[in-house]
Structure formats: C-alpha cells, structure tokens
Amino acid sequence: MSKIVSAAADFLYPFVMIFGFYIVLHGHLTPGGGFQGGAVIATGVALMFAAHRYRDIAPIFKKAIFNTCETVGLVLFIGLAFAGLFYGKSFMYNWLARIPGLFGEQVSYGVNPGSLDTGGIIPLLNIAVGLEVLGALSLVIYYLLTYVVQMGVNKHHGQ
Amino acid sequence: MDLAIQVLILSGLILTGLLVFYLQDLLHSAIAFAAFSFLMSVEFYILQAPDVAIAEAGIGAGLTTAILIKAVRSTTRREFDR
Amino acid sequence: MRNLLITAILVVLSSTFVYVTTSGQLQFGKPAQTRMDDYFLRHGQEQTGANNIVTAVVFDFRGFDTLGEATVLFVVVLGVGMLFRKLMAEEEEEEQAA
C-alpha cells in the first residue's frame, strides 16, 4: 500500500486497540463484551496487515503470539467454569459474585453509576473470551494474508 | 421521524444487497457488502441492540471486507460471463 | 419454466411473510412469552452483579452456550490451519534448514 495508507494505519492502530480492550474490560457495565471487543482488536490487526508489506509486519505479529492467546483464553474459560464446580454448587456457578474480594461488590436492582469491581466471574470470563476471539480471528487473518500470497507466487512460478 | 429513518435504512439495505448480487466487478461487490454491513449495524443500533451493532460493525464491515478483498486480489477480479 | 417456478416460490414466500407480519399475531417489539424476560430483568442485576443484562445472560445464565461458541471458534481456526498445512510444513522445514 502507499505511504499515506500506512501512516494513517500507524496513527489509528493504538486507538483501535484501546477501544477494543475497553470494550472487553467494561463488558459487564457497558454494551459489548468479550466477543465484540476481541473482534475490534482483530480488526486493528487486520488493518496493520493490510496497510504494511508482509516482511515489515512479520517480525512484530508472530503466529506464536496469536496461538498462545487463543489457547490461554480457552483454557482459562474452561478452568473458571470448572472452579465453579469446586468452590460453588455447579459447573459455571458464579462463585465470586456477592462475596467481598475480587469483583465481589453488591449491586441492587435499578439504575446505578456502575463500578468495575462487580460481576463475580463475568469480567474474568469476558477477558478469557476476549483473548480467545482476538487470537482466533487474528490467526485466520494471518493464515489467509500470508499463505494465500505464497500460493499465488507458487502458481505464477509454476507456469 | 423515526419511521422515516427506518424506511431510509431498510431501502438502503435492499439496494446494497441487490448491488452485491448484480455488480460484475467483485471488488466493487465487496465494498457494497461492507456498506450493507454498516447499514445493518446502524439498524441494530436504532432497534436498541448495541451489543449486536458492535459485533456487526467489527466483523461484517471490518474483518469480512479484508478477507474478501484479499480473496479477490489473489483470484480473478471479474465475474465470469454465463 | 424454471423462471416461472422460481417466481411462484418467491410470491408464496413473500405473501406468507407479509401475512404473518401484518395480521397482528406477532406485534413488533412485544414478545409473546414474557415470564422469563421479566425474571432476568428483575433478578439478574442482584444475582450476578453485572449492570449489562445482556452480558449477565450470555456469561452467567446461559454460560454453557458461550462455552460451545468458544469451542466452535477454536475448531474454525483448526480447519483454516488444516487448509494450509502443506505450506506451513514447507515453511517449518525452511526454518529448520536455516
């Protein structure tokens, strides 16, 4: 892409990332959640992949980072769900809600300003799903944008 | 006023949907699909579903357009004549 | 003949759609069953502590569905990776050789 596109992408990239992480972390207070925030972050990654040349961007966005994000997210989600079995009553029981400590503030029915320290395991599950979606969608983008180009090059050389 | 906006957006949805189907240049078709996703996201927001609107704007207008444009660039750009 | 069949199917489907939406059986924005909605809206905030009721339903009341969705996404990435497994193997061989 041209220099204007890559400069504009460099300028926009941190804002897209911050917006995505905001959506993930405030999933239990404002519209959005893990899936939507992860999709926004993956859009930022796709923007960087589209705006720069492959050999400039490959050392920064490695495949191992996205692989680790996806696996850690899914394992964290299943681990939190199984912890409900041991600390509470059932699978995926909200064992942190309404207990003083991490994310355990009481919330009453009605309109309130909202505090980050509420929600039990919901913020943690949001972070887990956000990590997983960010890793998965970025990995799909990475596969398509790197290997499809190689396939095209091989085809032209073969002919 | 509310009804006018709804009618405007819904007719825009039908128009962009037909454009996706009838345009012969596949790159133009991908851009029309991005416009379709954006109008869909606005419609979800008006119907008071901001969660779905964010997901539609992120995936439909962002990721799908990138993947489709990449697919068009590495295959053929013109749709084959029947 | 084929065009006539397609037109007939389209006319039947669109007339059914118009009849169902305008006959008054389904009112716009008013669900037929409201007991479960009322329960979630009244008790969700106290029971889960989340102000966003959509997240409370998705991650707490219906958390098992979200686990399935996460698994589906994982399998999708596995499938896309399998599509390019030959190129990935070549790349790894080059890295080992270098």
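The values are calculated or read from the model by the stated rules, or taken from the named source; none is laboratory data. This structure is a prediction, so every number in the text was calculated from the model and none was measured. With ideal geometry, Cβ positions are generated from the backbone for all residues, glycine too; neighbour counts draw on all protein chains shown.
Residues that are more than 10 Å from chain A (Cβ to nearest Cβ) and either outside any helix (DSSP H, G or I) or more than 17 Å from the chain's Cα centre (by Cα) (or both) within region B:70-80 comprise B:T76, B:R77, B:R78, B:E79, B:F80, listed in sequence order. Filter region A:43-76 for residues that are small (G, A, S) and away from chain B (no Cβ under 14 Å) and give the result. If the condition is that a residue be small (G, A, S) and away from chain B (no Cβ under 14 Å), then A:A58, A:A64, A:G73 are the ones that fit. A search for C-beta distances below 9 Å between a residue of region C:61-83 that is more than 8 Å from chain A (Cβ to nearest Cβ) and any residue that is in a helix (DSSP H, G or I), counting only pairs 6+ apart in sequence or on different chains, returns C:F61/C:F40; C:F61/C:G44; C:F61/C:Q47; C:F61/C:T48; C:D65/C:V58. Restricting C:R42, C:R2, C:R62 to residues that are within 30 Å of A:L139 (Cβ to Cβ) and at pLDDT 85 or above narrows the list to C:R62.
Candidates A:G27, A:G73, A:G44, A:G38: the one that is in a loop (DSSP other than H, G, I, E, B) and in contact (Cβ under 8 Å) with a residue 12 or more places away in the chain is A:G27. For region B:43-61, the set of residues classified as within 8 Å of another protein chain (Cβ to nearest Cβ) and either within 20 Å of B:F21 (Cα to Cα) or β-branched (V, I, T) (or both) consists of B:I54, B:I59, listed by residue number.
Every condition in (1) within 15 Å of the chain's Cα centre (by Cα); (2) of a type outside the set (D, E); (3) modelled with pLDDT under 90 holds for A:N112 except the one numbered (1). In the set (1) in contact with a helix residue (DSSP H, G or I) (Cβ under 8 Å, 6 or more places away or on another chain); (2) over 27 Å from C:V77 (Cα atoms); (3) at pLDDT below 90, A:Y87 fails one condition alone, (1).
Residue by residue through region A:1-33, note down the ones that are more than 11 Å from chain B (Cβ to nearest Cβ) and under 17 Å from the mean Cα position of the chain (by Cα).
Correct list: A:Y13, A:P14, A:F15, A:M17, A:I18, A:F21, A:Y22, A:V24, A:L25, A:H26, A:H28.
Can you report the number of residues in region A:77-94 which are over 29 Å from A:S138 (Cα atoms), more than 8 Å from every other protein chain (Cβ to nearest Cβ) and surrounded by 18 or more Cβ atoms within 10 Å (Cβ to Cβ)? Residues in region A:77-94 being over 29 Å from A:S138 (Cα atoms), more than 8 Å from every other protein chain (Cβ to nearest Cβ) and surrounded by 18 or more Cβ atoms within 10 Å (Cβ to Cβ): 2 in total. Test B:I67 against the criterion of being within 28 Å of A:F35 (Cα to Cα) and either assigned to a helix (DSSP H, G or I) or modelled with pLDDT under 90 (or both), and give yes or no. Criteria met by B:I67. Annotation: A:S108 fulfils all but one of (1) touching a residue at least 60 places away in the same chain (Cβ under 8 Å); (2) away from chain B (no Cβ under 14 Å); (3) not aromatic (F, W, Y); the unmet one is (1). Taking the stated definitions as given, is C:L26 modelled with pLDDT under 85, farther than 18 Å from A:E132 by Cβ and aliphatic (A, V, I, L, M)? Criteria met by C:L26.
Of the listed requirements (1) of a type in the set (D, E); (2) within 11 Å of chain A (Cβ to nearest Cβ); (3) over 30 Å from A:A58 (Cα atoms), C:E91 misses just one: (3). Scanning region A:95-130 for residues that are closer than 30 Å to A:V45 by Cβ, surrounded by 24 or more Cβ atoms within 10 Å (Cβ to Cβ) and touching a Gly at 6+ places or on another chain (Cβ under 6 Å) yields a total of 5.
Taken over region A:48-70, residues that are surrounded by 15 or more Cβ atoms within 10 Å (Cβ to Cβ) and more than 19 Å from A:E132 (Cα to Cα) amount to 6.
Among the numbered conditions (1) more than 17 Å from A:G32 (Cβ to Cβ); (2) surrounded by fewer than 16 Cβ atoms within 10 Å (Cβ to Cβ); (3) not aromatic (F, W, Y), the only one that B:S29 does not meet is (2).
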